[in-house]
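K.L.:
Got a structure here, written out as structure tokens. Questions coming.
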Amino acid sequence: MRVPTPRLSIPDEPSLALPRSFWKEFARKNWDREPRLFRGLFQAHFPTLEEMFAALVDASERCLRGEIPPMRAVRLYVEHEDGPGGIPYYSMLFPLNRNHLPVREDGNAHAYLERVTRWLGGKRFGVILNRAQCHHWGHWLQMRSFLSGFYETVGVPLAGADSAVFFGNYRYTPFGIHKDDWHIFYFVVEGKKTISLWPFEALSQREEVPKEPGFIHRAGAIHLRDKAEEERLLSQAQLLEGRAGDLMYWPDSYWHRAEPSEGLAVSASLGVAFRPPEFVGAVAPDGWPDRVRHTELPGGRDWRMPATLRTALQQRMGRKSLLALERERTTEWVRLLASGAMEGAAPVLTEAPLSPHEWLLGSPARPLVSFPLPEAQVLVSANGHSRAIPAPPAVRRRLEGLVERLNSGAPQQVEALEEAFFTRLTARAFSRRAFRELLDELVRWRAVRRCEPPASQRR
């Protein structure tokens, strides 16, 4: 396994990285303790309404094309005024079609809001997009850079960080007072947001709250009987009132609800959780780690799978009959770590195939990873994408060398990379066509990008 040591930021990419001093104070005062509102943290690159709408459009179009299973990414809730005891309630629409979803023809977020409000006869509504980072490259970079300091201070949560977009003119959270099994960083993008919050103990004795040990860190909901009960609970709540550009935080132990606001309100809710990821099973077996240190993410020349993960894999994958499962589990772990513990995969580029004379530039800040798999395969992974390649020893060494050169931060010519790869390599071991397809795939993954040749190579 070969990746370079430097972990650099790229000047022309959006970054929400915060100084180490911020994260140290946050860990000491707020992390897993109490909610907090932060104003004025970011001078640039804060998520914009245009970016969030573009993510919604991308997800909607993929849903309409059948590329994403129904309800996997986008949900739409419609408010009804005739709820019990004077409390409005929400219904979730399914299936969704072009009448409900944002499309490019809408032009912008406000036009979409007006169109759907009119189509619903004036009813308020809300759209929730999960894995928003998978639908907008700039948002992927925003969230990953923001988390870099958090990882360094608190650790890397292996459940996978996930950003959810909340969009609409709904009055309060469609699923009411609830708690998540995620710690939440809440970016207010458009309008104003008021969040009501209650510590776990304030509502833990209610009938609908399970009395199981550990429920404080699991998801749950409060069922309001009438308006009087709602007003009583709201009088006991802590309020965070944010406006566009603000950041909020609350622990996974807190019950919460977004309160009414005027007009369009948009936010990005970034969740992190210290527990094993879903791919190890719905009920994670004992022994799977829930975090690693930030230094155990890909970033060193001789990076290896973190020791806690190696041990867990070895304990579960011993017999030959389990080799397929070992391959699958190893692939998922490497993919997760190579993505910076971001959930899902970054959006792909659609570009023409590379020509031999073009030049490529990798990103030392987000290094490519090559990792050996059982039965003579090598996994190449970046930004949540991965590909397993049949690789006898000679091909494996060349793949490691290719990854090292692309991760160096120096421009590389396609033709030169190909010639270096195939020097003294038998034709049957790996084809030139497969090599070019791999480079094209790395461009689509945004693991490398086209660039100008260095000055010394220009004619």
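K.L.:
Neighbour counts of other C-beta atoms within 10 Å: give me C63, C451 arranged from fewest to most.
P.N.:
Fewest-to-most Cβ neighbours within 10 Å comes out as C451, C63.
K.L.:
Also, quick follow-up: For a footprinting-style exposure proxy, rank T311, T423, T330 by other Cβ within 10 Å, fewest first.
P.N.:
The order, fewest Cβ neighbours first, is T423, T311, T330.
K.L.:
How do W445, W23 rank when sorted from fewest to most other Cβ atoms within 10 Å of their own Cβ?
P.N.:
So the residues, fewest neighbours to most, are W23, W445.
K.L.:
Moving on to the next point. On a C-alpha basis, how far is the centre of the range 113-180 from the centre of the range 373-441 in Å? Whole number, if you could?
P.N.:
When both Cα centres are located, 36 Å separates them.
K.L.:
If I take R0 = 25 Å and measure r between the Cβ atoms of D440 and A376 in this structure, what FRET efficiency does the formula 1/(1 + (r/R0)^6) give, to the nearest 0.05?
P.N.:
My answer for the efficiency is 0.55.
K.L.:
Still on this structure: Can you give me the long-range amide H partners of I389? Hydrogens built in the peptide plane at 1.01 Å from N, cutoff under 5 Å, separation of 5 or more residues or another chain.
P.N.:
Here the answer is V378, L379, V380, since their amide H atoms fall under 5 Å of that of I389.
K.L.:
Placing unit charges on C-beta atoms (Lys and Arg positive, Asp and Glu negative, everything else neutral), compute the dipole magnitude of the range 288-457 about its Cα centre in debye, rounded to 20.
P.N.:
Roughly 540 debye for the range 288-457.
K.L.:
Let's see if you can work this out: charge +1 on each Lys and Arg Cβ, -1 on each Asp and Glu Cβ, no other charges. What is the dipole magnitude of the chain about its Cα centre, in debye to the nearest 20?
P.N.:
1540
K.L.:
Which translational diffusion coefficient, to the nearest whole µm²/s, is obtained for the range 288-457 from the Stokes-Einstein equation, given a Kirkwood hydrodynamic radius over C-alpha pairs, 25 °C and 0.890 mPa s?
P.N.:
145
K.L.:
With θ taken as phi - 60° and the coefficients 6.51, -1.76 and 1.60, list the Karplus ³J(HN,Hα) couplings across the range 36-47 in order, rounded to whole Hz; mark glycine and proline as x.
P.N.:
7, 10, 10, 10, x, 6, 10, 8, 7, 6, 5, x
Quick note: the coordinates plus some simple rules give every number you see, no bench work behind them. Worth saying up front: this structure is predicted, and the values here are computed from it rather than measured. Note: ideal-geometry Cβ built from the backbone for every residue, glycine included; neighbour counts use all protein chains shown.
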